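This report concerns only the one structure given below.
Read-outs: derived from the displayed coordinates by stated rules, not from any lab. Worth saying up front: this structure is predicted, and the values here are computed from it rather than measured. All Cβ positions, even for glycine, are placed from backbone atoms using ideal geometry, and neighbour counts span all protein chains on display.
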Amino acid sequence: MRDGYYLYTKGLTVGYHGVPLIREIELCLKKGEILTLIGPNGAGKTTILRNIIRQMEPLSGTVCLDGRALASITGRELSRKLSVVLTERVRPELMTCEEVVATGRYPYTGRFGVLSEKDRQIVKESMELVHISEFANRDFIRTSDGQKQRVMLARAICQEPEMIVLDEPTSFLDMRYKLEFLSILQDMSRSRGLSVIMSLHELDLAERISDKVACVKGDHVDRFGTPEEVFAGGYIKELYGMSTGSYDERTGSLELEAVKGKPEVFVLAGAGSGTAVYRRLQREGIPFATGILWENDLDYPAAQALAAEVVSIKPFSRMDENSVKRAKELIDGCSRVICAMDEKDAGEFYSAFSVLLRYAAGQGK
Amino acid sequence: MKKENRYRLAYGTLLLLLLLFLALNICAGSVSISVSEVGRVLTGRGTDTVFSDIILQIRFPRALAAAVLGGGLALSGYLLQTFFHNPIAGPFILGISSGAKLVVALVMVAALERAVQVSSWSMILAAFAGAMISMGFVLLMSRVVDQMSMLIVSGVMIGYICSAVTDFVVTFAEDADIVNLHNWSKGSFSGISWDNVAMLSVVIFTASLCVFLLSKPISAYQMGEAYGQNMGLNIRLFRVFLVLLSSVLSACVTAFAGPVSFVGIAVPHLVKSLFGTARPILMIPGCFLGGAAFCLFCDLLARVVFAPTELSISTVTAVFGAPVVIFIMVKRRRQS
């Protein structure tokens with residue numbers, strides 16, 4: 001039943017000093033798949049990873065790698081199957097980045113760890129893949145945290161593993177390198193059949209890159225499945241116990257808590273023109289209403305998260321009388337109306353736009 | 001290939017210093033013997049039996065012992081620094097030398113009272129037992145305190161306690177031989193015979209060879225335990241080896257020369273700067289050569305500066321070693 005999986009856990013319970021932290025973990029992963037662990041800070045993602053890379057002994061249950069129990073694999077064999085990128089800070093003295101990458105060849109070198117020509121070639125390729133060749137000769141300690149992280153990825157790759165385990169690998173990286181880092185993993189999983197397990201805090205990235213997502217919550221893995229299954233129905237807000245703000249599962253965007261109260265401003269918006277205005281009003285602490293938006297409008301997610309009231313209509317439907325009436329009522333109640341969109345941009349079907357704009361102008365708002 | 005030239009140059013320098021100080025140690029001393037006379041004695045054409053006795057029975061074995069023990073001591077320090085990931089760890093500062101000294105003193109005093117001769121082997125064994133006791137205590141402390149500076153402080157305290165007890169034992173033991181014991185407990189290379197040299201060489205060279213064979217695992221361990229383990233290193237077993245080897249090395253030194261301060265910290269640091277790398281495969285032979293040259297140099301000063309009065313070896317090593325430690329600490333503070 002579990003054939004075909006490169007890694008799976010069976011009834012895995014992990015914890016410290018005999019006290020279970022997370023119970024009965026059932027994860028499975030095929031070759032070439034990417035599994036991401038998500039969950040709040042301190043949920044135990046790192047602890048699970050540490051059990052998978054055998055840095056901790058499971059309290060009960062097993063981890064199987066390549067069809068064999070993890071406990072029965074020798075250290076040397078394991079080092080050729082699995083490499084890691086951890087959050088642990090490495091401070092090797094007087095080592096260049098290239099030398100740090102080359103430590104990945106350890107499982108393949110002889111008694112005294114002397115690199116062969118082939119080893120050097122692989123080190124070079126790994127560094128090119130992660131684009132760190134330019135600072136190959138720099139002292140590792142003197143590089144930035146982001147650069148260190150990329151060096152550690154090159155190191156993990158040059159170990160030529162079948163699976164890489166990464167603990168919050170993108171934390172110190174800027175946007176460009178976050179994407180680059182994950183693209184490299186995606187490429188390698190497709191082209192070399194590399195399996196990847198990692199923990200991520202960036203939910204948007206987790207949703208985009210993962211084949212499987214496991215949500216760690218409380219003392220168990222609450223959900224395990226494809227991103228489509230997990231990122232649905234407001235589950236993320238529940239997973240993180242978010243009491244303020246909101247998370248949009250389709251776009252992956254976070255919004256701060258909406259300002260409550262009777263709307264003081266009405267924002268006439270659509271087609272993405274309103275989002276920046278909504279956020280500004282939120283910053284200034286002004287409750288507002290907005291409309292009229294189709295539910296598939298670009299502005300709709302932010303409007304729903306931030307506005308006191310949104311006048312909305314079904315996607316691709318006609319503007320109906322009720323909505324226009326409701327919008328007029330709201331304009332009546334507001335002291336100001338902000339027009340976020342140019343009238344020219346309102347197409348044939350947004351006829352209500354001109355109507356409302358005139359209505360507001362007529363009231364001197 | 002500039003790097004390799006630097007390594008060659010570094011080894012050349014160390015070797016040259018070693019030979020230079022070895023020669024000086026044989027030539028210089030409280031009895032002045034001309035260089036040509038030394039040459040004649042060494043080539044077996046010496047005419048004066050007093051001179052040849054001084055050179056062949058006193059200075060030569062003493063110089064060799066200083067070299068071999070110095071090398072062992074530097075290696076022991078290097079291993080402890082690797083083990084604790086701390087550049088100012090060393091057998092003296094962590095109280096390991098003092099632990100060895102205490103047990104050796106106890107054994108020697110007990111033997112003196114019963115008028116039994118203590119063999120070199122039992123001295124080494126006693127020192128090893130003492131080193132392991134201190135090491136055990138330091139390891140225990142390292143589990144309780146997670147701050148490295150606290151570990152060092154507790155090591156220094158262990159050292160003081162052991163030294164105090166040793167002083168107590170030595171002061172109240174009644175024998176003429178106690179003068180020797182007193183010198184030894186302060187640290188000195190004096191009174192080493194050819195038999196001693198043979199024995200300590202066997203122990204130190206065997207242990208050093210084992211250390212050299214461990215150079216690959218040491219390089220993995222330098223990346224931290226988590227990564228080391230992922231590279232297939234058996235951390236637990238490796239740590240046992242490190243503890244045993246560093247204890248054997250420092251115990252052997254203590255058994256023959258008493259506690260010698262700062263060599264274990266200063267030499268690895270200086271050698272690292274000289275080579276510009278921390279690769280174990282280069283560092284291990286480098287530390288050995290450096291330690292040997294450093295101890296020969298210090299012993300030379302100890303014997304010659306206030307001749308015929310002899311300084312204890314630790315006095316001299318401290319003068320040169322302690323500033324290095326201060327330098328390391330300042331540099332580390334600036335880095336972090």
- Proximal charge balance of A:PRO107 [Cβ under 14 Å; K/R count +1, D/E count -1]: +4
- Query: Distance in nm between label sites at A:GLU295 and A:ASN322, each 7 Å beyond Cα in the beta-carbon direction?
  - Reply: 1.3
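Enter the mean number of other protein chain beta carbons within 10 Å of the beta carbon of each residue in B:217-226, as an integer. Write down the numbers at each step before the final one.
On the way: counts 2, 1, 9, 5, 0, 6, 11, 6, 2, 9.
The mean count of partner-chain Cβ atoms within 10 Å per residue comes to 5.
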- Let me know the Kirkwood hydrodynamic radius for chain B, please, with Cα pairs as the basis and the value in Å to one decimal. 20.4
- For chain B, with a Gaussian network of springs between Cα atoms less than 10 Å apart, report the residue from B:ILE54, B:ILE204, B:ILE93 with the top mean-square fluctuation. B:ILE54
- the stretch A:214-291, Kirkwood Rh and Cα Rg, ratio Rg/Rh at 1.09
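Per-residue Cβ counts within 10 Å, from other chains only, averaged over B:268-280: what number is that?
Details: counts 0, 0, 0, 0, 2, 1, 0, 1, 1, 5, 5, 5, 2.
Averaged over the peptide's residues, the number is 2.
Which of the peptides A:350-356, A:159-165, B:28-34, B:269-275 is most tightly packed, and how do the rest follow, going by the mean number of other Cβ atoms within 10 Å of each residue?
Values: A:350-356: 18.3, A:159-165: 22.3, B:28-34: 14.3, B:269-275: 20.0.
The peptides rank, most packed first, as A:159-165, B:269-275, A:350-356, B:28-34.
Cβ under 13 Å from B:PHE21's Cβ, B:PHE21 left aside: what net charge do those residues give with Lys, Arg +1 and Asp, Glu -1?
Numbers: positive: B:ARG59, B:ARG62, B:ARG303; negative: B:ASP299.
Net charge around B:PHE21: +2.
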- Quick calc of log₁₀ I(q)/I(0), the stretch B:202-306, Debye, one scatterer on every Cα, no solvent, q values 0.10, 0.14, 0.17, 0.23 1/Å, result -0.33, -0.62, -0.88, -1.36
- Restricting things to alpha carbons, tell me how big the stretch B:271-315 is in terms of Rg and Dmax, in Å. 14.1, 43
- Task: Would you grab the residues whose amide H sits under 5 Å from the one on A:LEU59? Only those 5+ places off in sequence or on another chain, please, with H modelled 1.01 Å from N.
- Result: A:THR13, A:VAL14, A:GLY15
- Message: How are the alpha carbon pair distances in the stretch B:1-150 distributed across 5 Å bins from zero to the largest one, expressed in percent?
- Response: 2, 8, 11, 13, 12, 12, 13, 13, 9, 4, 2, 1, 0
- State log₁₀ I(q)/I(0) for the stretch A:308-365 at q = 0.13, 0.20, 0.24 Å⁻¹ as given by the Debye formula over alpha-carbon point scatterers of equal weight, solvent excluded. -0.33, -0.79, -1.13
- Note on the structure: Ranked by GNM mean-square fluctuation in chain B (Cα springs under 10 Å), the top entry among B:TYR78, B:TYR227, B:TYR11 is B:TYR227
- Item | ³J(HN,Hα) computed for each position of the stretch B:193-209 - Karplus, 6.51 cos²θ - 1.76 cosθ + 1.60, integer Hz, glycine/proline x | 9, 4, 4, 4, 4, 4, 5, 5, 5, 4, 5, 5, 5, 4, 4, 5, 5
- Message: Show me the three semi-axes of the equivalent ellipsoid for the stretch A:11-146, from the C-alpha gyration tensor (sqrt of 5 times each eigenvalue), largest first, rounded to whole Å.
- Response: 32, 19, 14
- Task: For the stretch A:137-186, count all C-alpha to C-alpha pairs, find those more than 17 Å apart, and express that count as a whole percent of the total.
- Result: 33
- Message: I'd like the Karplus ³J(HN,Hα) series for the stretch A:20-26: coefficients 6.51, -1.76, 1.60, θ = phi - 60°, whole numbers in Hz, and an x wherever there's a Gly or Pro.
- Response: x, 9, 9, 10, 6, 7, 10
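Per Stokes-Einstein, at 25 °C and 0.890 mPa s, what whole-number D in µm² s⁻¹ belongs to the stretch B:98-184, with the Kirkwood radius over Cα pairs as the hydrodynamic radius? List each step's numbers first, then the result.
On the way: Rh = 13.8 Å.
Here the translational diffusion coefficient equals 178 µm²/s.
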- Message: From the alpha carbon gyration tensor of the protein assembly as shown, can you work out the equivalent ellipsoid semi-axes (sqrt of 5 times each eigenvalue) and give them in Å, largest to smallest?
- Response: 72, 25, 24
- What distance in nm separates the simple spin-label points at A:GLN121 and B:ILE281, each placed 7 Å from Cα in the Cβ direction? 2.0
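Could you estimate the translational diffusion coefficient of chain A from the Stokes-Einstein equation, with Rh from the Kirkwood formula over C-alpha pairs, at 4 °C and 1.567 mPa s, in whole µm²/s? Walk me through the intermediate numbers first.
On the way: Rh = 23.7 Å.
Once the numbers are plugged in, D ends up at 55 µm²/s.
Work out, step by step, the length gained on full extension between A:ALA361 and A:SER335: first 0.36 nm times the residue separation, then minus their alpha carbon distance; give nm to one decimal. Provide the component values of the computation, followed by the final result.
Values: separation 26, 0.36 × 26 = 9.36 nm, distance 1.22 nm.
Roughly 8.1 nm would be gained on extension.
Which value, in Å³ per residue, describes the convex hull spanned by the Cα atoms of the stretch A:153-241? If you can, show how the numbers build up before the last one.
Values: hull volume 9.9 nm³, N = 89.
Convex hull of Cα atoms, per residue: 111 Å³.
When the Cα atoms of the stretch A:235-365 are enclosed in a convex hull and the volume is divided per residue, what value in Å³ results? Walk me through the numbers before you get to the answer.
Working: hull volume 13.6 nm³, N = 131.
Output value, Cα hull per residue: 104 Å³.
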- How many nm is it between the label spots at B:HIS182 and B:LEU19, if each spot is 7 Å from the Cα in line with the beta carbon? 4.2
- Message: If R₀ is 56 angstrom, what is the calculated FRET efficiency for the pair B:VAL144 and A:ASP345, using the beta carbon separation as r and rounding to 0.05?
- Response: 0.20
- Note on the structure: Here the stretch A:282-287 yields Karplus 3J(HN,Hα) values (6.51, -1.76, 1.60; θ = phi - 60°; whole Hz; Gly and Pro given as x) of 4, 4, 7, x, 9, x
- Message: Can you give me the angle between helix A:351-362 and the longest principal axis of chain A, using Cα atoms only, in degrees from 0 to 90, rounded to the nearest 10?
- Response: 60
- Item | Residues with amide H under 5 Å from that of A:HIS220, placed H, sequence gap 5 or more | A:ARG23
- Message: Rounded, prolate or oblate for the stretch B:93-249? Axes are the square roots of the Cα gyration tensor eigenvalues, ordered a ≥ b ≥ c, and the cut-off for rounded is a/c under 1.5.
- Response: oblate
- Message: I'd like the orientation of helix A:145-158 relative to chain A: the angle between its Cα long axis and the longest Cα principal axis, in ° from 0 to 90, rounded to 10.
- Response: 50
- Note on the structure: Most fluctuating of B:ILE284, B:ILE313, B:ILE235 in the GNM of chain B (C-alpha, under 10 Å) is B:ILE235
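Please state the equivalent ellipsoid semi-axes for the stretch B:89-132: what are the square roots of 5 times the Cα gyration tensor eigenvalues, largest first, in whole Å? Write out the running numbers ahead of the final one.
Values: eigenvalues 100, 18, 7 Å².
Gyration-tensor ellipsoid for the stretch B:89-132: 22, 10, 6 Å.
Take peptide A:106-113, look around each residue's Cβ out to 10 angstrom, count Cβ atoms belonging to other protein chains, and average those counts.
On the way: counts 11, 5, 0, 2, 1, 3, 7, 9.
Across the residues of A:106-113, the mean count of other-chain Cβ atoms within 10 Å is 5.
Which order, highest average first, do B:148-155, B:82-89, A:312-319 follow once you tally other Cβ atoms within 10 Å for each residue and take the mean per peptide? Present the calculation step by step, with values, prior to reporting the outcome.
Values: B:148-155: 17.5, B:82-89: 20.9, A:312-319: 13.5.
Most protected by this proxy first, the peptides run B:82-89, B:148-155, A:312-319.
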- Message: Going by amide H atoms built from the backbone, whose H comes under 5 Å of the H on A:LEU293, apart from near neighbours?
- Response: A:VAL311, A:SER312, A:ILE313
- 5 Å binning of all Cα-Cα separations within the stretch B:183-243, expressed as whole percents from 0 upward: 4, 15, 18, 15, 11, 10, 10, 10, 6, 2
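So what is the calculated 222 nm ellipticity per residue for the protein assembly as shown, using -39500 (n - 2.57) for each DSSP H run with n of 4 or more, over all residues, to the nearest 500 deg cm²/dmol? All intermediate terms of the calculation are to be shown ahead of the outcome.
Numbers: 28 runs with 381 residues, N = 701.
It comes out at -17500 deg cm²/dmol, rounded to the nearest 500.
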